[in-house]
Amino acid sequence: MTKMIRTLAVLAATVCLASSMSFAQSAGEAVYKSKCQMCHGPNGTPNPAMAKAMGIKPASDPDIKKLSADQVLDAVKNGKGKMKAVAGLSDAQMKDVVAYFRTLK
Ligand code: HEC
């Protein structure tokens, strides 16, 4: 019986840890999915028609990879070329989504 309780306690702790970790990871991801994905694609690679029509480079492109966090933030905040400034984001959400965008390859 004690062994079972211990097993349950370990299990519960593991679940808590895993869910709190995925929550921390997904703040930027959630913003990306609701605000960027429709143009930039689920993994940072826009679908070919969108890429061609609007001139969006994939996140794996060297030109995109070399952008600093500030430059990505600037694109989100003020827009860039054909991309309009992304509206409706708090400063924290912008920071999160910039960090997430920069993890995409
Ligand atoms: C309405 C479609 C659209 C949405 C939504 C959108 N983008 Fe873009 N994005 C574009 C287009 C188009 C470009 C290419 C701009 C150009 O060079 O003319 C671009 C370019 C960029 C660039 C490259 C900027 C540079 O300096 O070359 C970054 C970084 C970027 N987007 C990040 C984001 C992030 C992060 C989000 C969400 C918060 C987002 N975009 C939402 C259309 C979009």
Mind checking which lysines have their Cα closer than 29 Å to the Cα of Lys84? Skip sequence neighbours fewer than 8 apart in that chain.
Lys33, Lys35, Lys52, Lys57, Lys65, Lys66, Lys95, Lys105
Could you provide, to the nearest whole Å², the per residue accessible area of segment 27-101 with probe 1.4 Å?
62
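Beta carbons within 10 angstrom, averaged per residue: use that to sort the peptides 73-83, 26-36, highest first.
Details: 73-83: 14.5, 26-36: 18.1.
With the highest mean Cβ count within 10 Å placed first, the list reads 26-36, 73-83.
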Of all accessible heavy-atom area on segment 27-101, the percent that carbon and sulfur account for (1.4 Å)
58
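With contacts defined as alpha carbon pairs under 8 Å and 6 or more residues apart, what's the relative contact order of segment 27-101 in percent?
Values: 73 pairs, mean separation 29.3, N = 75.
Relative contact order of segment 27-101: 39 percent.
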Percent of all Cα-Cα pairs per 5 Å bin for segment 27-101, counting from 0 up to the last occupied bin, reads 3, 17, 28, 32, 17, 4, 0
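The values are calculated or read from the model by the stated rules, or taken from the named source; none is laboratory data. Note that this is a predicted model, so its numbers are computed, not measured. Using ideal geometry, Cβ is built from the backbone for each residue, glycine included, and neighbour counts are taken over all protein chains shown. These area figures cover heavy atoms from the full protein model, side chains too; ligands, DNA and RNA do not enter into them. Shrake-Rupley method; radii C 1.70, N 1.55, O 1.52, S 1.80 Å.
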